[in-house]
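J.: Before I ask anything, let me first share the structure, which is written out below as structure tokens.
Values in this text are rule-based calculations from the coordinates and carry no lab data. Bear in mind that the values here come from a model prediction, so they are computed numbers and not experimental data. All Cβ positions, even for glycine, are placed from backbone atoms using ideal geometry, and neighbour counts span all protein chains on display.
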Amino acid sequence: MRYLPLTDTDRQEMLGVIGAKSVDELFRDVPEAARRDGLVDLPKRQGELEVERALSRMAAKNVAAGDVPFFVGAGAYRHHVPASVDHLIQRSEFLTSYTPYQPEVTQGTLQYLFEFQTQVAMLTGMEVANASMYDGSTACGEAVLMANRVTKRKKAVLSGTLHPQYAGVVHNLAEFADFALETMPPVLPGAAEDIVSRITDETSCVVVQTPGFFGELADLTPIAEAAHAKGALLVAVVPEIVSLGLVTPPGDMGADIVVGEGQSIGNGLNFGGPYVGLFATRQKYLRQMPGRLCGETLDSDGKRGFVLTLSTREQHIRREKATSNICTNSGLCCLAFTIHLSLLGEEGYTRLARINHANAAKLAEKLDAIEGVDVLNDAFFNEFTLRLQAPAKKVVDALAEKGVLGGVPASRLIHGDPSVENLLIVASTEINTDADRDAYAQALAETMKEVL
Amino acid sequence: MSGMNKQGRPTSFAESGGGAERTTFTGNKGLELEEPLIFERDTKGACGVDLDEPEGYQPKIGKFERKNRIGLPGLSEPEVVRHFVRLSSKNYSIDAGLYPLGSCTMKHNPRLNEKMARLPGFGDVHPLQPEQTVQGAMELIDTLAHWLKTLTGLPAVAMSPKAGAHGELCGMMAIRAAIEAKGEGEQRRRVLVPESAHGTNPATAALLGYKVDTIKGDGNGRVDLEALREKLGPDVAAIMLTNPNTCGLFERDIIDIAKAVHEAGAYFYCDGANFNAIVGRVRPGDLGVDAMHINLHKTFSTPHGGGGPGAGPVVFSEALAPFVPLPYVVQKDGVYDLIETEDEAEADGTSPFGRMTAFHGQMGMFVRALAYMMSHGSDGLRQVAEDSVLNANYVLASLKDVMSASYEGPCMHEALFDDRFLKGTGVETLDFAKAMIDEGYHPMTMYFPLVVHGALLIEPTETESKQGIDLFIATLRDLVAATKSNDKERFSGAPHFAPRGRLDETAAARKPILRWQPEMPAQAAD
């Protein structure tokens with residue numbers, strides 16, 4: 001087996017040193033009833049060529065986003081990732097290193113985590129950020145748990161702007177970590193949500209997403225003010241981090257915790273994971289923050305260096321008293337984020353955001369002109385919602401038949417609500433060309449004719 | 001002179017007249033290159049991408065346009081590449097050398113797996129594309145699920161958990177859901193955790209509101225079955241047990257433990273962090289396990305990536321299978337279907353406890369893990385367990401005369417020592433481990449498990465050659481001998497040859513500096 005260096009001669013010599021007759025002897029503590037002599041019922045070893053062939057066959061059964069006009073978003077976005085990003089994250093020293101518990105020989109990892117934390121704090125308009133969470137949805141769940149700790153209250157209010165699967169993650173935590181939730185119904189673009197009236201003296205936090213699930217941008221300031229007046233926190237969720245290159249960051253609108261999905265910068269779609277959860281907050285809440293933190297310090301020679309710090313919040317020190325059970329961050333994905341954002345810089349990042357917005361605006365205008373199709377949004381970034389005169393799922397399937405991946409039917413994520421059946425959520429990023437937009441408009445126009 | 005080569009050039013450092021004290025203008029030392037923060041490399045106007053300003057559109061941003069500069073630095077592509085290449089050179093990695101972190105399973109990461117994960121059909125697929133366009137992605141998940149179920153002998157698996165600790169959370173949630181379905185939710189509020197457990201176990205139980213009750217060991221590195229029986233009762237929800245355990249030992253009484261737990265009406269959660277030692281040889285299902293997470297980044301070699309991303313699928317027994325969370329993949333007549341809603345699940349005969357995460361889990365890790373499994377096959381995976389156990393026992397046997405082994409062997413995939421062999425030397429576990437850095441090795445796991453004093457836990461893994469392990473053993477023997485010499489500086493000052501000396505962690509925690517700050521306010525720069 002190509003990954004196993006020991007030869008039979010080695011094994012015999014080593015058994016001799018150990019003083020065992022066979023490897024079986026080393027497994028003698030396994031109860032007899034559980035010992036298996038034969039092989040499990042799975043295929044035997046294969047060469048690199050065979051494995052590559054089999055997996056390539058499987059991969060070829062999927063429609064890759066890059067092969068078609070592509071407009072799918074709703075929490076994961078296809079962006080162009082510069083070639084150097086994927087090259088750099090595959091360097092052995094980054095790829096095959098462990099969590100930097102030995103800082104003397106992991107300054108590379110630690111320094112990029114410090115840079116990542118700085119970048120995330122800058123983008124979100126917050127004071128501190130951690131070294132990342134699993135993804136946006138779990139970061140959102142952790143934000144609510146943190147708000148409960150900070151306020152010593154046990155009731156959160158979820159806005160109808162929140163991604164339904166993010167809300168699902170919070171619901172799950174509420175059920176098992178025993179706190180109360182009030183969940184507002186989906187709020188369509190243009191409609192107002194009276195979330196402020198739901199905030200009481202018992203509310204730990206209000207969770208609002210911007211851009212919202214349907215793409216609409218929201219002014220968080222009045223919600224923040226109302227929350228603060230009652231001693232509650234505002235948790236802002238940013239599912240598309242490129243948006244902050246163009247729109248006001250939640251930190252400037254009074255958010256106390258900002259969580260987000262960082263996949264858009266540096267990371268591919270990967271059918272949903274691995275992604276990188278962003279988590280930022282105010283300095284005063286630092287000690288209640290979950291997850292890894294990297295801090296600056298000096299070494300024995302007085303040189304600047306970095307270490308994991310404030311680990312007295314973490315499970316490996318605090319065990320059942322930890323702020324969270326989380327052990328890992330999303331190391332390599334935050335490295336990809338940090339490298340891509342370094343390539344973009346202020347100029348590239350803000351321009352990328354403007355290109356995204358421009359492409360979405362152009363597309364919205366084009367689609368709105370089609371019979372049976374209406375754009376619902378007033379203010380959006382790179383994603384908007386269409387109201388179709390037909391069930392969106394049916395339209396999306398028909399578009400896929402025509403070789404266009406046209407978006408996400410709201411009904412895929414909001415179940416049992418007939419009012420969203422005809423809504424289609426459409427995203428457009430820098431990857432889309434005029435030809436893509438024309439192809440989409442043509443396919444949609446044809447489809448609407450067929451279904452109307 | 002033996003120190004000269006044919007050209008008369010000195011071959012040893014001392015003869016060249018150099019000294020460790022020598023400093024350089026740049027602070028660099030040859031290939032060891034200092035690198036400032038990316039923010040300190042800012043050049044106004046530089047950019048690492050070429051993007052054209054968009055034209056011909058009507059902005060729809062409303063009143064939400066950003067007003068302030070963000071403060072991101074500008075760098076060209078070569079500068080960015082150089083920055084991160086220089087940073088990378090300050091890291092130890094499994095590709096560069098033995099990484100004997102006990103309970104972490106730092107094994108070789110095949111590059112084939114990286115290549116497969118980047119196939120556009122896997123890497124460039126959106127989680128919410130129409131299901132008919134992602135049949136191959138679901139086939140991959142279903143195939144991996146089949147391998148995991150077969151290797152563990154358990155009938156169900158939750159694929160979505162994003163890491164080991166997330167898997168623990170998932171497993172314990174399923175246990176609580178099962179207990180609640182039996183109407184015993186109010187009554188069963190206690191979770192038993194051995195004192196040798198990973199910190200995530202008690203943290204997970206506590207997050208779910210359980211009272212954590214610690215079980216004493218038997219003094220030989222295993223759970224005391226009698227102590228466990230005494231703790232069991234109608235208020236116990238579950239036991240969380242690692243097997244092989246964190247002392248590197250197989251829990252001999254595990255079948256009796258499982259029986260006792262089940263007789264008390266509780267569930268058996270197994271922490272699968274150490275599955276590498278038994279994969280292909282022992283199926284946790286045959287041991288009475290009800291739920292176990294599998295760290296794909298350990299046993300199945302998805303790269304650790306400097307601390308993630310991981311992946312932590314959880315296998316379940318028949319009793320817990322109905323509670324597996326959303327989403328999951330089913331296959332009927334060759335067509336794959338994603339069960340994403342409670343209604344779909346009900347029609348499928350399950351009652352999921354909820355949802356762990358948005359989307360469907362760590363697909364990128366699934367591809368890598370499956371490529372690894374297919375490469376090894378049933379025979380190769382069994383060999384993985386055997387070679388990992390053989391390598392660890394070889395280390396144990398070769399060092400136990402000079403280092404203090406904590407327990408009688410044989411061990412499984414990792415060898416545990418404590419600090420008795422350092423007694424009276426003035427050298428502590430930490431110093432010993434830091435001196436290994438100077439010898440070109442990453443230290444072993446230190447001070448864990450907590451059940452022995454000054455623990456040193458060594459897991460060589462199966463991907464180390466005998467030659468490599470022999471040098472490692474010789475190095476540790478030399479270090480042990482040195483602890484008894486007068487050269488204490490070798491330990492107390494270690495590492496001497498790393499990019500950084502020991503870092504002041506106390507100062508870092510006392511006055512945390514967690515981000516770079518510009519020296520002048522950003523507005524002044526504008």
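J.: If amide hydrogens are placed 1.01 Å from N in the peptide plane, which non-local residues have theirs closer than 5 Å to the one on residue A:155?
T.: A:180, A:204, A:205
J.: Compare the Cα positions of B:94, B:127, A:342 along the charge dipole of the protein assembly as shown (+1 at Cβ of Lys, Arg; -1 at Cβ of Asp, Glu; about the Cα centre) and return the one farthest towards the positive end.
T.: The residue sitting farthest along the positive end of the dipole is B:94.
J.: Run the dipole for the stretch B:106-245 about the Cα centre, Lys and Arg Cβ at +1, Asp and Glu Cβ at -1, nothing else charged, and hand back the magnitude in debye, nearest 20.
T.: 240 debye
J.: Cut-off is 10 Å between beta-carbons; in what order do B:104, A:140, A:334 appear when sorted fewest neighbours first?
T.: B:104, A:140, A:334
J.: Within 11 Å, Cβ to Cβ, of residue B:434, how many net charges do the neighbouring residues add up to if Lys/Arg are +1 and Asp/Glu are -1?
T.: -3
J.: Quick one: 3J(HN,Hα) in Hz for the stretch B:40-47, Karplus 6.51/-1.76/1.60 with θ = phi - 60°, rounded, Gly and Pro as x.
T.: These are the phi-based 3J(HN,Hα) values: 8, 10, 4, 10, 4, x, 7, 8 Hz.
J.: For the protein assembly as shown, with the dipole built from +1 on Lys and Arg beta-carbon atoms and -1 on Asp and Glu ones, taken about the Cα centre, which of B:319, B:334, A:9 lies farthest toward the positive end?
T.: A:9
J.: At most 16 other C-beta atoms within 10 Å and a DSSP loop state: those are the exposed chymotrypsin sites (Phe, Trp or Tyr not before Pro) I care about. Give me the longest piece of chain B that has none.
T.: Counting at most 16 other Cβ atoms within 10 Å as exposed, the longest clean stretch of chain B is B:26-446.
J.: Take the eigenvalues of the Cα gyration tensor for chain B, scale each by 5, and report the square roots as semi-axes in whole Å, largest first.
T.: Rounded to whole Å, the semi-axes are 42, 37, 23.
J.: Here is a further query. Exceeding 28 Å between C-alpha atoms, which entries from my cross-link table qualify? They are B:162/B:466; A:154/B:211; B:107/B:511; B:400/B:484; B:182/B:332; A:44/B:332.
T.: B:162/B:466; B:107/B:511; B:182/B:332
J.: Roughly how large, in nm² to one decimal, is the mean projection of the convex hull of the alpha-carbon atoms in the protein assembly as shown?
T.: The directionally averaged projection comes out at 40.3 nm².
J.: With both partners inside chain A, how many of the DSSP beta bridges are antiparallel, as a percent to the nearest 5?
T.: Bridges in chain A that DSSP calls antiparallel: roughly 60 percent.
J.: Another question, if that's okay. Grab the DSSP H runs of chain B that are 4 residues or longer, score each as -39,500 (n - 2.57), total them, divide by all residues and round the 222 nm result to the nearest 500 deg cm²/dmol.
T.: -10000 deg cm²/dmol
J.: May I ask you to derive the relative contact order of chain B, considering only C-alpha pairs under 8 Å and at least 6 residues apart, and to give it as an integer percent?
T.: 17 percent
J.: Obtain the nm distance between the two label points defined at residue B:181 and residue A:67 by a simple spin-label model: each point lies 7 Å from its Cα along the Cα-to-C-beta direction.
T.: Between residue B:181 and residue A:67, the simple spin-label model gives 3.9 nm.
J.: I would also like to ask the following. What are the trypsin sites (Lys or Arg not before Pro) within the stretch A:113-162 that DSSP puts in a loop, where the Cβ has at most 14 other Cβ atoms within 10 Å?
T.: Answer in residue order: A:152.
J.: Tally the DSSP beta bridges in the stretch A:83-340 and give the antiparallel ones as a percent, rounded to 5.
T.: 45 percent
J.: Would you mind calculating the relative contact order of chain A from Cα pairs under 8 angstrom and at least 6 residues apart, reporting the percent as a whole number?
T.: 20 percent
J.: Also: Within straight cross-link reach of residue B:216, meaning Cα distance under 19 Å, which lysines are found once same-chain residues fewer than 8 apart are removed?
T.: Cα-Cα hits under 19 Å: B:231, B:259.
J.: Give a quick list of trypsin sites (Lys or Arg not before Pro) in the stretch B:29-134 that DSSP marks as loop, anything other than H, G, I, E or B, with at most 12 other Cβ atoms within 10 Å.
T.: B:44, B:63, B:67
J.: Could I ask something else about it? I'd like to verify something in chain B: which complete DSSP H helices, judged by Cα projection on the helix axis, reach 24 Å or more and average at least 1.6 on the Kyte-Doolittle scale?
T.: Helices passing the filter in chain B: none found.
J.: Turning to a different aspect of this structure: Using the Kirkwood radius over Cα pairs, work out the Stokes-Einstein diffusion coefficient for chain A at 4 °C and 1.567 mPa s, in µm²/s as a whole number.
T.: For these conditions, the coefficient is 53 µm²/s.
J.: Considering only chain B, what is the antiparallel percent among its DSSP beta bridges, to the nearest 5?
T.: Given both bridge residues lie in chain B, the antiparallel proportion sits at roughly 55 percent.
J.: Right, here's the next one. Under unit Cβ charges (Lys, Arg +1; Asp, Glu -1), what dipole magnitude, rounded to 20 debye, does the stretch A:83-340 have relative to its Cα centre?
T.: 740 debye
J.: Apply the Karplus parameterisation 6.51 cos²θ - 1.76 cosθ + 1.60, with θ equal to phi minus 60°, to every residue of the stretch A:21-26 and state each ³J(HN,Hα) to the nearest whole Hz, in sequence, with x for glycine and proline.
T.: Working through the residues one at a time gives 7, 8, 5, 3, 4, 6 Hz.
J.: With viscosity set to 0.890 mPa s and temperature to 25 °C, compute the Stokes-Einstein D of the stretch B:379-510, Rh being the Kirkwood radius across alpha carbon pairs; µm²/s, no decimals.
T.: 158 µm²/s
J.: What whole number of Å gives the distance from the Cα centroid of the stretch B:381-398 to the Cα centroid of the stretch A:64-93?
T.: 40 Å
J.: If you don't mind, another one. What number comes out for the charge environment of residue A:319, summing +1 per Lys or Arg and -1 per Asp or Glu over other residues with Cβ under 15 Å away?
T.: -2
J.: A follow-up question, please. With +1 on the Cβ of every Lys and Arg and -1 on the Cβ of every Asp and Glu, and nothing else charged, how large is the dipole of the stretch B:379-510 about its Cα centre, in debye rounded to the nearest 20?
T.: So the magnitude is around 460 debye.
J.: Taking only Cα atoms of the stretch A:83-340, what ratio of Rg to Rh do you get with Rh as the Kirkwood inverse-distance radius?
T.: On the Cα set of the stretch A:83-340, Rg over Rh gives 0.97.
J.: Please go through the residue pairs A:61/A:393; A:155/B:67; A:21/B:298; A:366/A:393 and name each one whose alpha carbons sit more than 31 Å apart in this structure.
T.: Over 31 Å Cα-Cα: A:155/B:67.
J.: Counting other Cβ atoms within 10 Å, which chymotrypsin sites (Phe, Trp or Tyr not before Pro) in the stretch A:109-154 have at most 16 and lie in a DSSP loop?
T.: none
J.: At R0 = 45 Å, how high is the FRET efficiency between residue B:343 and residue A:39 if r is their beta carbon distance? Nearest 0.05 is fine.
T.: Once rounded, the FRET efficiency stands at 0.65.
J.: Determine, for B:453, A:79, the number of other Cβ atoms within 10 Å of each Cβ, and report the residues in order from fewest to most.
T.: In increasing order of surrounding Cβ atoms, one gets B:453, A:79.
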